[in-house]
Amino acid sequence: MTTAKTIHLTLKVVRQTGPDQKSNLETYAARNVSTDMSFLEMLDVVNEDLTLAGQDPIAFDHDCREGICGMCGAVVNGRPHGPQEGTTLCQLHMRHFEDGDEVVIEPWRSRAFKVIKDLVVDRGAFDQIIQAGGYISINTGGAPDANSLPVPKEMADQAMDAAACIGCGACVAACPNASAMLFTGAKISQLALLPQGRPEAKRRAAAMVAAMDKLGFGNCTNERECEAVCPKNISIVHIARMNREFLKAGFF
Amino acid sequence: MNWLINVVRSSIGKKLCMALTGMCFCGFLIAHLAGNLTIYGGKDAFNAYAQRLHSLGALLTLAEIGLLTFALIHISVGAILFYGNLTARPQRYEMKKNTGGRSLGSATMPYTGFLLLLFIVFHLMNFHFVDKTRQSIFEIVSAAFQQPLYVVLYVTAMLVAAVHVSHGFWSAFQTLGLNHPKYMPLIRLAGLVFSLVVGAGFGFLPIYISRMT
């Protein structure tokens, strides 16, 4: 274990005062950053200095800071959630940066995600995709006996892999076409793989894809950038399953 | 028919159009290459092959109409997707890095596609829409490839085609939903081999012909 160091960084942050305003790149010095800090803690420190200096702090989304809520995220040096694979921005630590590094920080860019302020974007489009069919409409009643509905372990595992999606939007941010197919594919897959989700699988796939198309996301061209940046390592296998479910719904 | 229109108008439906027509073109490339290989059998073998092919008559015309229809679908849907994807991100990034998913083929798909369209028009004007009554197809082909510019153009076009299919082949499987962790590495490998076969198979032909006489 190496002990914490202190590094100095130059931040180039995209600032935007509000929706429909022009954005511009501002330069800030982040001095005396402990390498044990997370990326968001580093921004907290920069924001403290900005506040004390009477300037507007950099707005960014965050909540759990444990990598499980899906609130945080920014494009750091050209890569959503920063340079570390399978990691959300809050779980990225400053030990992955070198003293003197220049760090460019930008919000997710997509027609479907409007910038609210600085690095905060409106991901309501994802909610609308879920509202179109990302659920099971059954009267739950009492919990059924655990053995009454057997699910093969493999299927349960695959469904869990898809359900790991935290809806952060990094897939859209990374996609050269700003497509939301990894998100939608994961949400369709997690239900299509389980017996509880099968009865509505067709209707769900058709409705969710239609919603996704309407919201202004781009089209998938199988660039595979999404799965490379996904903090939950969700595979494009789930996009293929969505394609199957959608085509089944369309043709049969 | 409403259901069909709904499917085709969706994003996945458009991808399906690209995948299915693209797959047909892959099949066409194999048939075209197999036919062209008769040139290694010499002048007579090549002319005989061309004659047999044209003796198919109506069947050949039907295939040509089919290919033309597929080409129109592939080009128009491709153009719609390209435009849609351009507008999906109105504000660009200051800095954007590829994270390892993108390949040379996937990143250049619309551009290599456009170049191939230009090439196909040029190619048809060279060897298809020409007077074949007074000279044999072999004479036309060997006369064309006496010009070094033609050789360079054709070899370049075949490299472009190889890059295009290097992404297109496996991509079609993914779009059709044929992605399985066990078979996907094989499909990707097959795509790579196929692109090499297309690039080398077609690419060596102009060079060989130019050195024949």
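The values are calculated or read from the model by the stated rules, or taken from the named source; none is laboratory data. None of these values were measured; they are calculated from a predicted model. Neighbour counts are summed over all protein chains in view; Cβ atoms, including those assigned to glycine, are modelled from backbone coordinates with ideal geometry.
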When you scan the stretch A:194-215, do you find a residue that is buried (at least 20 other Cβ atoms within 10 Å of the Cβ), out of contact with any Cys (no Cβ under 8 Å at 6 or more places or on another chain), within 11 Å of another protein chain (Cβ to nearest Cβ) and not in a helix (DSSP H, G or I), even just one? no
Report whether or not A:Ala186 is under 28 Å from B:Arg89 (Cα atoms) and part of a helix (DSSP H, G or I). yes
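Among A:Ile58, A:Ile68, which is the only one that is in contact with a Leu (Cβ under 9 Å, 6 or more places away or on another chain), in a loop (DSSP other than H, G, I, E, B) and within 22 Å of A:Gln91 (Cα to Cα)?
Working: A:Ile68 fails: in contact with a Leu (Cβ under 9 Å, 6 or more places away or on another chain).
The match here is A:Ile58.
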I'm trying to understand the selection: among the residues of the stretch B:87-102, which are at pLDDT 95 or above and within 18 Å of A:Cys220 (Cβ to Cβ)? B:Thr87, B:Ala88, B:Arg89
(1) closer than 22 Å to B:Ala88 by Cα; (2) exposed (fewer than 14 other Cβ atoms within 10 Å of the Cβ) all hold for A:Asp99 apart from (1)
Among all residue pairs at least 6 apart or on different chains, which show Cβ distances below 6 Å where the first residue, located in the stretch B:19-47, is closer than 29 Å to A:Asn243 by Cα and the second is among the aliphatic types (A, V, I, L, M) and assigned to a helix (DSSP H, G or I)? B:Ala19/B:Ala172; B:Thr21/B:Ile73; B:Gly22/B:Ala172; B:Met23/B:Ala172; B:Leu29/B:Val198
Which members of the stretch B:117-129 meet the condition of being closer than 19 Å to B:Gln51 by Cβ and loosely packed, with under 13 Cβ neighbours inside 10 Å? B:His128, B:Phe129
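If a residue has to be assigned to a helix (DSSP H, G or I) and closer than 17 Å to A:Gly73 by Cβ to count, how many in the stretch A:7-46 make the cut?
Just the residues of the stretch A:7-46 that are assigned to a helix (DSSP H, G or I), to begin with: A:39-46.
From what is left, the residues that are closer than 17 Å to A:Gly73 by Cβ are A:39-44.
Total satisfying the criteria: 6.
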Could you list, in sequence order, all residues of the stretch A:54-94 that are within 13 Å of chain B (Cβ to nearest Cβ) and of a type in the set (Lys, Arg)? A:Arg79
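List the strands (runs of 3 or more DSSP E) inside the stretch A:75-140, counting only whole elements, that have at least 1 residues being modelled with pLDDT of 95 or more and closer than 15 Å to A:Cys171 by Cβ. Step through it out loud before you land on a result.
Details: elements: A:102-106, A:114-117, A:120-122.
Of the strands (runs of 3 or more DSSP E) lying wholly inside the stretch A:75-140, those with at least 1 residues that are modelled with pLDDT of 95 or more and closer than 15 Å to A:Cys171 by Cβ span A:120-122.
Could you say whether any residue in the stretch B:12-22 is more than 14 Å from chain A (Cβ to nearest Cβ), in a helix (DSSP H, G or I) and not charged (D, E, K, R)?
Filtering the stretch B:12-22 for residues more than 14 Å from chain A (Cβ to nearest Cβ) gives B:21.
Still in the running and in a helix (DSSP H, G or I): B:21.
In the following step, the residues that additionally are not charged (D, E, K, R) were identified as B:21.
Taking every residue of the stretch B:12-22 in turn, at least one turns out to be more than 14 Å from chain A (Cβ to nearest Cβ), in a helix (DSSP H, G or I) and not charged (D, E, K, R).
Going through the stretch A:13-41 one residue at a time, which ones are within 14 Å of chain B (Cβ to nearest Cβ) and buried (at least 16 other Cβ atoms within 10 Å of the Cβ)?
Going residue by residue through the stretch A:13-41, those that are within 14 Å of chain B (Cβ to nearest Cβ) are A:13-16, A:19-27.
Once the filter is applied, which keeps residues that are within 14 Å of chain B (Cβ to nearest Cβ) and buried (at least 16 other Cβ atoms within 10 Å of the Cβ), the stretch A:13-41 yields A:Val13, A:Val14, A:Arg15, A:Gln16, A:Ser23.
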Quick check on this structure: which one of A:Val172, A:Val229, A:Val237 is within 21 Å of B:Gln91 (Cα to Cα) and in contact with a His (Cβ under 9 Å, 6 or more places away or on another chain)? A:Val229
Kindly check whether there is at least one residue in the stretch A:216-224 that is modelled with pLDDT of 95 or more, more than 7 Å from every other protein chain (Cβ to nearest Cβ) and either within 30 Å of B:Gly105 (Cβ to Cβ) or crowded, with 24+ Cβ neighbours inside 10 Å (or both). no
Name the single residue, out of those in the stretch B:146-194 being surrounded by 20 or more Cβ atoms within 10 Å (Cβ to Cβ) and more than 19 Å from the chain's Cα centre (by Cα), that is nearest to A:Cys220 (Cα to Cα). B:Gly177
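Only residues that are β-branched (Val, Ile, Thr) and over 18 Å from A:Val104 (Cβ atoms): list them for the stretch A:1-44, please.
To start, the set of residues in the stretch A:1-44 that are β-branched (Val, Ile, Thr) comprises A:2-3, A:6-7, A:10, A:13-14, A:17, A:27, A:33, A:35.
If the condition is that a residue be β-branched (Val, Ile, Thr) and over 18 Å from A:Val104 (Cβ atoms), then A:Thr2, A:Thr3, A:Thr6, A:Thr17, A:Thr35 are the ones that fit.
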Being of a type outside the set (A, V, I, L, M, F, W, C) and out of contact with any helix residue (DSSP H, G or I) (no Cβ under 6 Å at 6 or more places or on another chain) is the filter; apply it to the stretch A:232-247 and report the residue that is surrounded by the fewest Cβ atoms within 10 Å (Cβ to Cβ). A:Asn233
Pick from the stretch A:65-93 the residues that are buried (at least 17 other Cβ atoms within 10 Å of the Cβ) and among the aliphatic types (A, V, I, L, M): which of them is farthest from B:Gly100 (Cα to Cα)? A:Met71
Can you tell me which condition B:Leu29 does not meet? The list is (1) at pLDDT below 95; (2) under 15 Å from the mean Cα position of the chain (by Cα), and all the others hold. (1)
Where in the stretch B:119-213 are the helices (runs of 4 or more DSSP H), entirely inside, with at least 2 residues that are away from chain A (no Cβ under 14 Å), modelled with pLDDT under 95 and in contact with a helix residue (DSSP H, G or I) (Cβ under 9 Å, 6 or more places away or on another chain)? B:137-144, B:184-210
